[in-house]
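One structure coming up, written as structure tokens, with questions to follow.
Every number in this text was worked out from the coordinates using simple rules, so none of it is lab data. These numbers were taken from a predicted model, which means no experiment stands behind them. Cβ placement follows ideal geometry from the backbone for every residue including glycine, while neighbour counts extend to all protein chains displayed.
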Amino acid sequence: MNDADVAMSNAGESALQEVRAEIDRVDRQLVQEIAEREIWVRAAGKLKAMAPAVRDPDRVQQVVTRARQIAAELGADADVVERTYRSMIAAFIDLELGQQGFIEAPVIAALTVADAGEVLTLQRAAYASEAQIYGDPSLPALVQTLPDLIAELSNCSGHKAIRGPRLVGAVRSVADRDTLHIGRLTVAPDLQGIGLGTALLAAAEADAGPDVTSAALFTGHLSAGNLRLYQRQGYVEERREELKPGVTLVHLRKPLP
Ligand SMILES: CC(C)(COP(=O)(O)OP(=O)(O)OC[C@H]1O[C@@H](n2cnc3c(N)ncnc32)[C@H](O)[C@@H]1OP(=O)(O)O)[C@@H](O)C(=O)NCCC(=O)NCCS
């Protein structure tokens, strides 16, 4: 590097430091404004009685649209403003929910092909416990590929449990003549044992068409928790089938009203 390069480099360094000092100054103003926004968000939170009022998509859209308009007026990049706002709003929603002590009740809804990615992640996490029971890390639910799952979801019905923005449970079902075949009942490991599996099973059964007279499902003979759940819900063992040495499938059936 010659002297001129060094001088330019030093000039560039000091200019950058000046610019960074300005950014730091603006950041301080921004955080002050965010702190003031928090005061008003907390005040609004106290006026909301239910979690859905906190998570209000229409209001979010209204706020974002207004922020984009202000950005346009000020010559700022509206996309950057929108993304910043959406992140900030999401953080404030979490703050409001926590402040109110709301535990968002899971919602059961129809499973669609668009859920495939999340379902795959969920089942890989949930079926790890089954893999341990059977000492087999290549259970079908663990090795299923995304294209295969997409194809499966295109040809079956299903339900999902959603909690806030997160998919926390799923079940698939296919009606064949008078039988509803239920499979891949799955609940996120951190939310098991609070009734989600039971609720998903009930949703699958309730959605059976008029020609269906019974629901059928199966689980492995060592899956004691699954067997308890199914028997508690009225499923009765129908037959056993040896899948491979050490693994027997227990087929269960329940009459539907
Ligand atoms: C099987 C599976 C879906 C069950 O989901 P889940 O949400 O834990 O099921 P539930 O919460 O309805 O029931 C599980 C237990 O919680 C209990 N429970 C349910 N609601 C409860 C509540 N409000 N308070 C306390 N306990 C509750 C149930 O009585 C049951 O207890 P038990 O295991 O002693 O019999 C879940 O364990 C899972 O994803 N497993 C891995 C994948 C798998 O094996 N799927 C089945 C393939 S056949």
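Would you pull out the residues with amide H under 5 Å of L243's amide H, same chain only if 5 or more places away, H placed 1.01 Å from N?
The answer is T248, L249.
Can I ask one more? Where the centre of each part is set by its Cα atoms, how far does segment 2-42 sit from segment 110-176, in angstrom?
47 Å
To continue, here is another question. Quote the FRET efficiency, to the nearest 0.05, computed for T121 versus D176 with a Förster distance R0 of 45 Å and r equal to the Cβ-Cβ distance. Intermediate values should be presented prior to the final figure.
Details: r = 28 Å, r/R0 = 0.63.
According to the calculation, E is roughly 0.95.
Pick out, in residue order, every one of the trypsin sites (Lys or Arg not before Pro) in segment 139-228 that is DSSP loop and has at most 11 other C-beta atoms within 10 Å; say none if there are none.
Answer by residue number: R177.
Now, a different point. Going Cα to Cα from K244, which aspartates and glutamates come in below 17 Å? Please leave out same-chain ones fewer than 8 positions away.
Cα-Cα hits under 17 Å: E130, D136.
Now for a different question. Taking the chain as a Gaussian network, Cα atoms linked when under 10 Å apart, which of D178, D77, D56 shows the biggest mean-square fluctuation?
D77
Going by a ≥ b ≥ c, the root eigenvalues of the Cα gyration tensor, does segment 107-255 fall in the rounded group (a/c under 1.5), the prolate group (a/b larger than b/c) or the oblate group? Intermediate results must be reported in sequence, preceding the final value.
Details: a/c = 1.36, a/b = 1.05, b/c = 1.30.
Verdict is rounded for segment 107-255.
Before anything else, pin down the relative contact order of segment 105-212: Cα pairs under 8 Å, at least 6 apart, normalised by residue count, whole percent.
Details: 164 pairs, mean separation 31.8, N = 108.
For segment 105-212, the relative contact order is 29 percent.
Determine the principal axes of the Cα atoms in the chain, then give the extent along each, sorted from largest to smallest and rounded to whole angstroms.
For the chain, the Cα spread along each principal axis is 84, 56, 30 Å.
Sticking with this one: Could you go through segment 164-174 in sequence order and give the Karplus-derived ³J(HN,Hα) for each residue, using 6.51 cos²θ - 1.76 cosθ + 1.60 with θ = phi - 60°, rounded to whole Hz, and x for Gly and Pro?
x, x, 10, 7, 10, x, 7, 8, 10, 8, 9
What list of ³J(HN,Hα) couplings, whole Hz, do you get for segment 223-230 from phi and the Karplus terms 6.51, -1.76, 1.60, once you set θ to phi - 60° and write x for glycine and proline?
Computed from phi, the couplings for segment 223-230 are 7, 4, x, 4, 4, 4, 4, 5 Hz.
Output wanted: per-residue J couplings in Hz (rounded whole) for segment 175-190, from phi through Karplus 6.51 cos²θ - 1.76 cosθ + 1.60, θ = phi - 60°, x for Gly and Pro.
8, 10, 6, 9, 10, 9, 8, 10, x, 6, 5, 9, 10, 3, x, 6
Antiparallel versus total DSSP beta bridges in segment 103-257: what percent is that, nearest 5? Kindly include the intermediate steps, with their values, before the conclusion.
Numbers: 32 of 35 bridges.
Restricted to segment 103-257, the bridges split so that about 90 percent are antiparallel.
Using the Cα gyration tensor of segment 162-227, with a ≥ b ≥ c the square roots of its eigenvalues, what is the shape: rounded (a/c below 1.5), prolate (a/b larger than b/c) or oblate (neither)?
Values: a/c = 2.64, a/b = 1.43, b/c = 1.85.
Judged from the Cα gyration tensor, segment 162-227 comes out oblate (a/c at least 1.5, b/c at or above a/b).
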